[in-house]
Structures are given as structure tokens and as C-alpha cells.
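Asker: Just passing along the structure, written as C-alpha cells.
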Amino acid sequence: QVQLVESGGGLVQPGGSLRLSCAASGIILSIYVMGWYRQAPGEQRELGAFIISGGSTNYTDSLKGRFTIPRNNAKNTVYLQMNRLKPGVAAVYYCNTNLRRTSVFTRHAYWGQGPQVAVSS
């Protein structure tokens with residue numbers, strides 16, 4: 001089995017920064033992509049950013065220029081560096097990965113538990 005363990009959520013003031021981390025552990029052959037999704041109360045979960053194994057990244061427009069998604073392949077860990085945070089309702093940030101466990105022909109998707117992030121003064 002594979003587990004995603006997230007950390008780094010909390011309360012931050014508007015304009016501040018916060019870094020989330022997500023570490024994948026278990027039987028992992030290779031990780032194809034790791035990403036972060038955001039879900040506010042009563043809203044659908046939406047993709048924020050992702051990074052694929054070769055290092056290419058993609059960000060939703062609202063995050064470009066403020067967030068980055070570095071990755072440590074040796075530790076199977078992805079981060080979400082959030083800068084210049086804007087005030088709003090508290091949201092849960094979910095880590096997601098798509099990886100190969102024992103076979104190169106099959107990929108599996110996993111979700112983290114989702115730390116909450118609140119931006120408020």
C-alpha cells in the first residue's frame with residue numbers, strides 16, 4: 001500500500017507565506033506526477049498545481065507567480081510553496097499522486113488527508 005503524509009497547514013496572515021509538504025511512502029516503483037488540489041467548503045476540489053517526473057510543472061492561472069511546486073525525487077516528496085497568500089475562507093489542500101507500484105504497466109492514484117490552510121488577519 002502507499003501512503004501520502006502531508007504537513008504544513010495552518011493559519012497565516014494575508015500576504016504571508018506557507019509551505020506544505022507531502023511525502024509518499026510504501027511500495028513505489030516510480031512516481032509519474034504529484035500535485036496539489038484545493039477544496040473550500042461547499043465547493044468542488046480543484047487542481048492547483050502539479051509536477052511530473054521530468055520536472056515540468058503546471059499551475060492554475062490564479063496561482064502563477066505566487067506558488068511553486070518543488071519536488072524531491074529521492075524522498076518521494078512534493079512541496080507547495082505558497083507566497084503572497086490572499087485572504088479568504090479556509091480551504092483544505094489535498095496532495096495527489098499517480099505512480100507505479102510493482103508493474104510498469106499499471107499506475108495508481110492516491111490522495112493525502114488534506115491539511116487546512118486559512119488566510120486571515
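Asker: Within segment 64-85, track down each residue that is within 16 Å of Leu20 (Cβ to Cβ) and of a type in the set (D, E, K, R).
Answerer: Keep residues of segment 64-85 that are within 16 Å of Leu20 (Cβ to Cβ), which gives 66-72, 75-85.
Residues satisfying the conditions are Arg66, Arg71, Lys75, Arg84.
Asker: Right, here's the next one. Going residue by residue through segment 30-38, is there one that turns out to be open to solvent by 80 Å² or more (accessible area, probe 1.4 Å) and among the aromatic types (Phe, Trp, Tyr)? It would help to see each step written out before you state the result.
Answerer: Residues of segment 30-38 open to solvent by 80 Å² or more (accessible area, probe 1.4 Å): 32.
Filter once more, keeping what is among the aromatic types (Phe, Trp, Tyr): 32.
Yes, there is a match, as at least one residue in segment 30-38 is open to solvent by 80 Å² or more (accessible area, probe 1.4 Å) and among the aromatic types (Phe, Trp, Tyr).
Asker: Moving on. Could you pull out the residue among Arg71, Arg38, Arg66, Arg84 that is out of contact with any His (no Cβ under 8 Å at 6 or more places or on another chain), under 18 Å from Gln113 (Cβ atoms) and basic (Lys, Arg)?
Answerer: Among Arg71, Arg38, Arg66, Arg84, only Arg38 is out of contact with any His (no Cβ under 8 Å at 6 or more places or on another chain), under 18 Å from Gln113 (Cβ atoms) and basic (Lys, Arg).
Asker: Considering only residues that are aromatic (Phe, Trp, Tyr) and over 12 Å from the mean Cα position of the chain (by Cα), which ones fall in segment 8-66? Let's see the steps before the verdict.
Answerer: From segment 8-66, those aromatic (Phe, Trp, Tyr) are 32, 36-37, 50, 59; that's our starting set.
Residue satisfying the conditions is Tyr32 alone.
Asker: At least 3 residues that are among the aliphatic types (A, V, I, L, M) in each: list the strands (runs of 3 or more DSSP E) lying fully within segment 79-121 that qualify.
Answerer: Working: elements: 88-100, 108-111, 116-119.
Output list reads 88-100, 116-119.
Asker: Moving on to the next point. Any chance you could count how many residues in segment 69-78 are assigned to a loop (DSSP other than H, G, I, E, B) and loosely packed, with under 15 Cβ neighbours inside 10 Å? Please lay out each step first, then the result.
Answerer: First pass over segment 69-78, keeping only residues assigned to a loop (DSSP other than H, G, I, E, B): 69-70, 76.
Add one more test, that the residue is loosely packed, with under 15 Cβ neighbours inside 10 Å, and what stays is 70.
Counting residues in segment 69-78 that are assigned to a loop (DSSP other than H, G, I, E, B) and loosely packed, with under 15 Cβ neighbours inside 10 Å gives 1.
Asker: Which members of segment 80-121 meet the condition of being open to solvent by less than 40 Å² (accessible area, probe 1.4 Å) and in contact with a Leu (Cβ under 7 Å, 6 or more places away or on another chain)?
Answerer: Passing the criteria: Leu80, Met82, Leu85, Tyr93, Cys95, Thr97, Tyr110, Gly112, Pro115, Val117, Ala118, Val119.
The values are calculated or read from the model by the stated rules, or taken from the named source; none is laboratory data. Predicted model, so just to flag it, every value in this text is computed and none were measured. Using ideal geometry, Cβ is built from the backbone for each residue, glycine included, and neighbour counts are taken over all protein chains shown. Note: accessible area is taken over every heavy atom of the protein model, side chains too, but ligands, DNA and RNA are not part of it. Shrake-Rupley method; radii C 1.70, N 1.55, O 1.52, S 1.80 Å.
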